[in-house]
Amino acid sequence: MKSGPETPANGLSPDDERMLRDGAKAVREALSESRSDKLGRLFDYLLEKTLAGESPSEQQISTEAFAAYGNSVGKDPKVRVYIHRLRKLLDTVFADPSSPRLSIPVGEYRLKVESAVGEQEAEMDEPDNIEKPAPPEKLEWTRLAPAALLVAVILVLGALVLMRDRAPLADTALWQPVAETGRPLTVVMGDYYAFSRLDRPAIDPDQGPRFVWDRAVPTREDLTILEMLEPDGAENLVDYNQHFVTGGTIEAISTVRVALSRLPGAGRRQVRLISFSQLTPERLVSDDIVFVGQFGGIGRLIREPLLQATGLDFGPDLEGLVDRESGETFMADNMNLTDERTPRRDFAYIASLSGPAGNRIMVIAGLGDAGVKRAAQLVNDREQLDRLRQGAETSDDGFEALFRVRTLGNVDVGASLIFSRSLRVEDIWDNSGEVPVYRPIDPEPRT
């Protein structure tokens, strides 16, 4: 009886080992241009350990890989800095998503072979994973995110079997275009980019990175700019490509999926769940898109066309809305209130507009979480949707509606319609819109 092939001692398949060695040649060429002996030594060390089936610790790297540079025994904060730089180098060398690539998994010190993006598409029937694994160094509160997302996915899938006896939504002005296209549908959650800062590494090498969200650093590219503006502190900034989603957005997603379950053919339609940072131009063209989240989580792929179509402008830091015609400002009460009996105010926004290739774009948003959750409830309410176009000059090409939301503590106590009107959708996908004035990041140190 013939036995199957034995698993190699290093855990690598023959194809992975071949791609690992082939990829190493391209990395070494890039390293020769960088002229960084220490970075080259780190790569060769990780390659040697990976081929041996080992994943070294930070202390091993410090004492073995960097021994020639006079490092003392123990944890060296520079190890994490050079690992971060090597990750960025690998991202540059293997920038083509259609080809296999080498990477260093977050929280591990080894090389990994990743398949091309095209080979991964077949595995996307289930909602995409939103958060990447958090690094192991004392980011305890971020470890709650995967659990919260798991709960969200369970709620999302369970919502498909709920409320089928209620009035259908397919013939409402909001949902009819989505129901008619028959395209794959992608639900996009608004998310925010965050980076990590190493706190006082020279004084306390065991101190892990601190998770930082900075409005002035909304993307990885902005972090690169920050590193150039603050070169003295650049080594303490670490990019794990982390993004987070608010709790209100997760709750709103489950409500929106209830509405999707009431559309014709819901059980046969392919539905994906991703974050905005995962949205690509290709998907924006091929799928119907339903955005759910705060205004601050709307990325440029949708934000710029929407700003051309809407009668609203975003206020500073996306904390408010301004009506262009009347000049009226809509601001949410985002301050911390000690008296939970004090009423609070938020704003919910829904919009529907034609996409760049005959598809449909829907926006279900709010200034804060209360607004996002109320917007999700509104798109699931047939009676409210029927009222949107009453007495308003709206267009099948696109319309928007803004609601004032009142809350008491964490309880939503009602919403009132402020306006419902047409969107100016002509040529919004052909024009890039006004380019915002470049505003350098404030170089003052951040706490």
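Between ARG446, ARG389, ARG421, which is at pLDDT 85 or above and either in a loop (DSSP other than H, G, I, E, B) or on the phi < 0 side of the Ramachandran plot (or both)? None of the other options fit; the residue is ARG421.
Taking first residues from segment 94-108 that are in the same structural domain as VAL27 (by TED's automatic domain parsing) and among the hydroxyl-bearing types (Ser, Thr, Tyr) and partners that are assigned to a loop (DSSP other than H, G, I, E, B) and surrounded by fewer than 17 Cβ atoms within 10 Å (Cβ to Cβ), the Cβ contacts under 6 Å between residues at least 6 apart in sequence or on separate chains come to SER98/ALA116; SER99/ALA116. In this structure, is ALA52 aliphatic (A, V, I, L, M), surrounded by fewer than 16 Cβ atoms within 10 Å (Cβ to Cβ) and at pLDDT 80 or above? Yes: the conditions hold for ALA52.
Filtering segment 400-420 to residues that are over 29 Å from the mean Cα position of the chain (by Cα) and crowded, with 18+ Cβ neighbours inside 10 Å leaves only SER420. Apart from one condition, ALA26 fits all of (1) among the hydrophobic types (A, V, I, L, M, F, W, C); (2) under 15 Å from ILE104 (Cα atoms); (3) touching a strand residue (DSSP E or B) at 6+ places or on another chain (Cβ under 9 Å); the exception is (2).
Does GLY368 satisfy the criteria of being at pLDDT below 70 and touching an Asp or Glu at 6+ places or on another chain (Cβ under 6 Å)? It is false that GLY368 is at pLDDT below 70 and touching an Asp or Glu at 6+ places or on another chain (Cβ under 6 Å). The listed residues are THR181, THR186, THR219, and the only one of them that is of a type outside the set (Lys, Arg), at pLDDT 75 or above and outside the structural domain of GLU319 (by TED's automatic domain parsing) turns out to be THR219.
The values are calculated or read from the model by the stated rules, or taken from the named source; none is laboratory data. What you see is a predicted model, and the numbers here were worked out from it, not measured in a lab. A quick note on method: Cβ atoms are made from the backbone with ideal geometry, for glycine too, and the neighbour counts reach across all protein chains shown.
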